Every structure is written in structure tokens, then in C-alpha cells.
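Only one structure is covered here, and it is reproduced in the block below.
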Amino acid sequence: MRVLIVDDEHLARQAIRRLLAAHPDAEIVGEAASLAEAMEAIERTAPQLVFLDIELGGGGDGFDLLAALERPPIVVFVTAYAEHAVEAFAVNAVDYLLKPVEPGRLAESLARAERQLDRGPAGSGVIALRTPKQTVLAQPAEIAALRADGDFTHVFIADQPAVMIWRTLGHFEVLLPSPPFLRLGRSLIINRDRLRKVETPSRAGGQITLEGMSEPLILGRTAAARLRETLAGERG
């Protein structure tokens, strides 16, 4: 995640830098001390998340910065003043941190920002599948299945190569709507709406065909049993 720190106090910027050092996924792409510097830095570095102080000294405040941006990045306000919280959330800030910032609260802010990034642009309904080299935007209906691979997940988008994401299957289980997404055991989630063929010749397992996938998915005993139970419930 690309992060910009905006605060008119050098020591405050350094404090955020020290806290972010414990989060290797957060890449600090720049700092700014004023509204004008922040505008330039956002245009130059295209951050995904801005830690933004409200009081920026002369030339405007944090709210002025957001009002001036056509498409503002995700924002976490960092301030010494609790009274601005309502106004901060009114402009869709993902969090509001009071100085001095505690490490646990900063970690919560990063997690909230990650969830918002994964949901894609606000109101779009898309899922952002981010790899080190690209971000693939997909509607949930376009996702045929997801298979766990340790801390990674292979996401099978209809009629496209699978995308390997550094996220657990549990992360996507929370993110995707159920129904139509159905978790079959520890390692597989399928889009029930794309299920076209089920072959379970024995209780030892089977395979399924999903629309948009060229090859069938092999099911183990637990996954096959879970699918049989679901289909039986639908028929009942």
C-alpha cells in the first residue's frame, strides 16, 4: 500500500514513519508539510492512503485538501483535536487517530484501509485483486472460484488466467457475498451461480465444472460432502 504522510510538524511525521516501519506492506512514498506540498505530492506519487493532519498551518487545512481533490485517496486523519471526528467521518475518512498515535490503533487503521482497497472504488461493487505487478478489478459475479494455497489464494476469474493473491481464503470469505459464494471445506470457495456440472461417483470425492473455467475442479471428501449437503438442502 502506497502511503503519504501529511503533517506540518516534522516530529509528528517522524512518529508516523516509525510506527509504519513495523508494517512492511506500507510503502511510504512521500511527506508533505502544507496543503500546497500535499497537493503536489499526491499528484506526483499517487498514494493509496494518506495519513492527514487537520491543522496544516497557513494556506488551508486537511478538509480543504480533500475538497480540492477530484478523486481523493483513502484518508486516515491524525490530529490532537477530538472535536473534528464527526466532520472527518462525514468526508469518508476510514479512521481518526489522536496524537500521540498508539501502535495498535495505527495497525487498525491500516487494516481498515486494506479492506476498503480490496472492495475497490467506493460504490463500484468491484473487488480489487492486488498483486506486486498489477491490480485486477473484478465484479464478484465474474469470480468462479477461489482455492487456498497457504497464505495465498488463487482467484479464478471467468475466462481469464487465475490470479494469485497474498490473502488467506478466510479474507475472501468475509469479503464476498454468501450466497452465491459457498465455502467447501478448508481450501475452496465456489460461486454457486456458476456451477454447471457435479460429478461425485463416490464419497471419496469428485469434481465440478464451473462456467468460465476451462478445467474442472477436483473435490476432496470434505468438499464433496459439503456440496452434496448444500444441493440436497436446495432441492428440499
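Selection of the range 187-204 for residues being more than 30 Å from the chain's Cα centre (by Cα) and β-branched (Val, Ile, Thr) yields VAL198, THR200.
Condition check ((1) of a type in the set (Val, Ile, Thr); (2) assigned by TED's automatic domain parsing to the domain that holds GLU229; (3) in contact with a Pro (Cβ under 7 Å, 6 or more places away or on another chain)) across all residues:
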residue	(1), (2), (3)
THR168	yes, yes, no
HIS171	no, yes, no
PHE181	no, yes, no
LEU188	no, yes, no
ARG192	no, yes, yes
LYS197	no, yes, no
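Residues in the range 30-82 that are touching a strand residue (DSSP E or B) at 6+ places or on another chain (Cβ under 8 Å), in contact (Cβ under 8 Å) with a residue 40 or more places away in the chain and not β-branched (Val, Ile, Thr): ALA46, PRO47, GLN48, LEU49, PHE51, LEU52, ASP53, GLU55, LEU56, GLY62, LEU65, PRO73. Can you find a residue in the range 166-186 that is assigned to a strand (DSSP E or B), crowded, with 19+ Cβ neighbours inside 10 Å and over 28 Å from the mean Cα position of the chain (by Cα)? No; the residues of the range 166-186 include none that is assigned to a strand (DSSP E or B), crowded, with 19+ Cβ neighbours inside 10 Å and over 28 Å from the mean Cα position of the chain (by Cα). Taking (1) small (Gly, Ala, Ser); (2) touching a strand residue (DSSP E or B) at 6+ places or on another chain (Cβ under 6 Å); (3) assigned to a helix (DSSP H, G or I); (4) free of Cβ contacts under 8 Å to residues at least 40 places away in the same chain in turn, ALA128 satisfies each apart from (3).
Scanning the range 187-235 for residues that are of a type in the set (Gly, Ala, Ser) and within 19 Å of ALA158 (Cβ to Cβ), we see that the one that is surrounded by the most Cβ atoms within 10 Å (Cβ to Cβ) is GLY212. In the range 45-121, counting only strands (runs of 3 or more DSSP E) that sit wholly within it, none holds 3 or more residues that are in the same structural domain as ALA138 (by TED's automatic domain parsing). Scanning the range 2-26 for residues that are touching a residue at least 60 places away in the same chain (Cβ under 8 Å), buried (at least 19 other Cβ atoms within 10 Å of the Cβ) and not in a helix (DSSP H, G or I) turns up LEU4, ASP7, ALA26.
The values are calculated or read from the model by the stated rules, or taken from the named source; none is laboratory data. Computed from a predicted structure; not experimentally measured. Quick reminder, even Gly has a Cβ in these numbers, built from the backbone with ideal geometry, and neighbours come from all protein chains shown.
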